[in-house]
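FYI, it's all coordinate maths here, none of it is from the lab. Bear in mind the structure is a predicted one, so any value in this text is a computation, not a measurement. FYI the Cβ positions are ideal-geometry reconstructions off the backbone, even for glycines, and counts take in every protein chain you see.
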Amino acid sequence: MKNLLLISFIALAFFGRTQSFFENDTTLNRNRTAWTSGAIAAGWTGSIIALKNVWYKDSWTNEFHLFDDSRQWLGMDKTGHIYTGNLITKNISSFYRWSGVNRKKSLLIGSSVAFGYMTSLELLDGYSEKWGFSWSDIAANSLGIAWYTWQELLWEEQRIKLKFSAHLTPYAQYRPNTLGATTTERLLKDYNGQTYWLSISPAQFLNKSTAFPKWLSFSFGYSIDEKLHGDHNTYTVHTGKPGLQTFNAKSQYLFSLDIDFEGFNPKRDWVRTLFKVINHVKVPFPVIMFSDGKLAVSPFYF
């Protein structure tokens, strides 16, 4: 899963915010700007060098090539790219807002860094025999970046938030190299256990005096099930028992409630920052799921 390559860079953003963010400066703070720029440059450069020497070590070809993976994994890979582009843009922009850079300039910097960094990962893919440079990945990255940017320009806040949730599935045992062998790998690589959400708080669209809770959101999710191979929607495996078992991939569409932690608007700056960080993940709630022409209800879904 290509999104696994972004963990170091995103972790840097989270760490910097939770440790260093207290209050946005109202004027340009050169020390904060220098610290922020240096940390981002170090994280970008370090992660690219590490990935080149470790992740791509056995698949490097020195020959750049394209790869069309637009129809793989029923769109889950591309949804992950949208989410990640949105996530990096948000955190980098927040860094520069903390440094006293105005909203439009911080958005320009955040979106440029996100696009540049994710494109540099695609360039690495372009030299790997296992993957290749994907224009559909570039499009998905750009959509995620634009999703954050246009809301900030239009509303000066995020009213339609992108969120993520994940759980373990039984499918990794059949293809551990692809879907993950350890618990961490399974959560990051098994698309069957991942769900991406659009989380909307109605209070943000209503009058400020509304009694509707600002922290209550409605979430619309997308996931997949029984998808063991990127290209094939039907996959047959030996289960260790007499006979074979066939898995038929399907898309899943979900509706659930969610909590918008930023709607609580706590007074302490470090709590506000913590809420912004955990607000990237959807809170477990009951869900209504539509899949393969059937409706189902789950009392607890993450």
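Figures for the structure shown
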quantity: Protection proxy ranking, peptides 254-266, 52-64, average beta carbon neighbours within 10 Å, highest first; calculated: 254-266, 52-64
quantity: For T195, net neighbour charge (Lys/Arg +1, Asp/Glu -1) across residues whose Cβ lies under 11 Å away; calculated: +1
quantity: Convex hull volume of the chain per residue (C-alpha atoms, cubic angstrom); calculated: 149 Å³
quantity: Derived scalar couplings ³J(HN,Hα) [segment 245-258; Karplus, 6.51 cos²θ - 1.76 cosθ + 1.60; whole Hz; x for Gly, Pro]; calculated: 10, 10, 9, 10, 5, 8, 8, 10, 10, 10, 10, 7, 8, 8
quantity: Segment 156-168 - phi-based ³J(HN,Hα) in whole Hz, Karplus 6.51/-1.76/1.60, Gly and Pro as x; calculated: 6, 6, 9, 9, 10, 8, 9, 10, 9, 8, 7, 9, 7
quantity: Positive-end residue, the chain charge dipole about Cα centroid, Cβ charges, pick of W98, L66, W150; calculated: W98
quantity: Ordering of 201-214, 35-48 by burial proxy (mean other Cβ atoms within 10 Å per residue, highest first); calculated: 35-48, 201-214
quantity: Relative contact order for the chain, counting Cα pairs under 8 Å that sit 6 or more residues apart, in percent; calculated: 16 percent
quantity: Sequence-distant residues sharing a close amide H with V283 (under 5 Å, placed H); calculated: I259
quantity: Per-pair calculated FRET efficiency, R0 = 25 Å: D231 and A181 via Cβ, rounded to 0.05; calculated: 0.70
quantity: Packing-based ranking, highest mean first, of 138-151, 120-133 given that Cβ atoms within 10 Å are counted; calculated: 138-151, 120-133
quantity: Charge tally in the Cβ shell below 9 Å around S93, where Lys, Arg are +1 and Asp, Glu are -1, S93 excluded; calculated: +2
quantity: Size of charge dipole - segment 1-156 - debye, nearest 20, with Cβ of Lys, Arg +1 and Asp, Glu -1, no other charges; calculated: 540 debye
quantity: Span-like helix ranges in the chain, DSSP H, alpha carbon extent 20 angstrom or more, Kyte mean at least -1.0; calculated: 30-50, 76-98, 103-126, 135-155
quantity: From phi via Karplus (6.51, -1.76, 1.60), per-residue ³J(HN,Hα) for segment 285-296 in Hz, x at Gly/Pro; calculated: 8, x, 9, 9, 10, 10, 7, 6, x, 10, 9, 9
